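K.L.:
Have a look at the structure that comes next, please.
The values are calculated or read from the model by the stated rules, or taken from the named source; none is laboratory data. What you see is a predicted model; the values in this text were computed from it and never measured. FYI the Cβ positions are ideal-geometry reconstructions off the backbone, even for glycines, and counts take in every protein chain you see.
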Amino acid sequence: MALTPLHDRVLVEPKAPEETTAGGIIIPDTAKEKPQEGTIKAVGGGKITEDGKVLPLNVKVGDKVLFSKYGGTDIAVDGKDMLIMRESDIYAIIS
């Protein structure tokens with residue numbers, strides 16, 4: 001399914017949660033943290049201002065980003081878990 005977010009929204013594929021700790025302890029599903037990192041898979045056209053101008057987004061497809069832990073909405077695209085969120089829910093681009 002082709003999915004294009006509208007306006008200032010982006011589609012993010014979250015990074016898989018850690019399976020083990022640094023010491024080798026296996027983390028059960030109930031104790032795993034919700035991921036805060038991911039990769040941008042699609043972006044909208046930009047934010048529309050009050051006077052009708054379109055401001056381009058700062059992120060692009062392929063960027064690795066750090067986002068709000070509870071930001072975005074969970075959706076499934078082609079059997080993969082994804083998040084759709086506003087660009088304002090993204091804190092940083094990871095280089």
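K.L.:
Within the range 43-53, can one find any residue that is β-branched (Val, Ile, Thr) and closer than 9 Å to VAL10 by Cβ?
P.N.:
Yes.
K.L.:
Sticking with this one: With the requirement that a residue be closer than 14 Å to ALA16 by Cα and of a type in the set (Lys, Arg), what does the range 65-86 give you?
P.N.:
LYS69, LYS80
K.L.:
Residue by residue through the range 68-94, note down the ones that are at positive phi and surrounded by 17 or more Cβ atoms within 10 Å (Cβ to Cβ).
P.N.:
Of everything in the range 68-94, just one residue is at positive phi and surrounded by 17 or more Cβ atoms within 10 Å (Cβ to Cβ), namely GLY72.
K.L.:
Given the structure, is GLY38 outside any loop (DSSP other than H, G, I, E, B) and in contact (Cβ under 8 Å) with a residue 12 or more places away in the chain?
P.N.:
Yes; evaluated as a whole, the condition is true for this residue.
K.L.:
Are there any strands (runs of 3 or more DSSP E) wholly within the range 45-87 with 2 or more residues that are free of Cβ contacts under 8 Å to residues at least 40 places away in the same chain, and if so which?
P.N.:
64-67, 73-77
K.L.:
Taking the conditions exactly as written (modelled with pLDDT under 90, under 15 Å from the mean Cα position of the chain (by Cα) and not hydrophobic (A, V, I, L, M, F, W, C)), does THR4 satisfy them or not?
P.N.:
When the stated conditions are applied, THR4 passes them.
K.L.:
Oh, and also: Going through LYS41, LYS69, LYS34, LYS60 one at a time, which residue ends up being at pLDDT 85 or above, over 9 Å from the mean Cα position of the chain (by Cα) and of a type in the set (D, E, K, R)?
P.N.:
After applying the criteria, what remains is LYS60.
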